[in-house]
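See structure below.
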Amino acid sequence: MFPKSFHRQRFLQIFWMLHLSEPTPADTPIHTRAQKAQNYLSYLSNTFLSIFKPSKNIAIDESTVGYKGKISFKTYNPQKPRKWGLRVMLLPNQNSLIRSDLSFTSRIVLSLFENIRIKYPDLKGMHIYTDRFYTNAPLAQELSLFKCHLTGTINPGRKGNCKEIKKPKISKRKERNI
């Protein structure tokens, strides 16, 4: 049905001209490809935040949406079940994340936490669970200022970790045969 009523050339014309944002003035530069869809992404984020009712325990993780088509920001990770895809995170533009002095991964967690704190100011004593992609000592220190706990596996070589984490002293016990 579609090929008879909607020709390929017309579809491509519409596809290449499709934008999800208001046209930007000539003096406003576009920094990222996702900026064209920023209005739509902000709408989705606000909608999800209005529907999401958090508990005190929150797990934060990234995900890869399987995709093999042609797109410039497709990612490849041979160790994942979905090797090709689009990485889904909190925000597409790292310039809009809070605390530019911290690592990118810490800034993602803090931005999520800040959005929840603003929306639900009565929610106290939160506990965030992360994997080694996000977990580091500076993030734990920052969250502790808000009385928020952090639990997660840690990558010892990550920048910002103290020397006790980078090179832990592990005592070797000798077993005795009796």
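The values are calculated or read from the model by the stated rules, or taken from the named source; none is laboratory data. No experiment lies behind these values; they were computed from the predicted model shown. Here the Cβ is made from the backbone with ideal geometry for all residues, glycine too, and neighbour counts use every protein chain on show. Just the protein is used for accessible areas: all its heavy atoms, side chains included, with ligands, DNA and RNA removed. Shrake-Rupley method; radii C 1.70, N 1.55, O 1.52, S 1.80 Å.
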Suppose each label sits 7 Å from its Cα in the direction of the beta carbon; what would the Ser45-Asn161 distance come out to in nanometres?
2.9 nm
Accessible-area order (highest first, 1.4 angstrom probe) of the listed residues Tyr40, Tyr120, Tyr134
Tyr40, Tyr120, Tyr134
Using only alpha carbon pairs under 8 Å that are at least six residues apart, calculate the relative contact order of region 35-161 and give it in whole percent.
22 percent
Which one, Ile170, Gly160, Ile128, is farthest towards the positive end of the dipole of region 110-178 when Lys and Arg carry +1 and Asp and Glu -1 on their Cβ?
Ile170
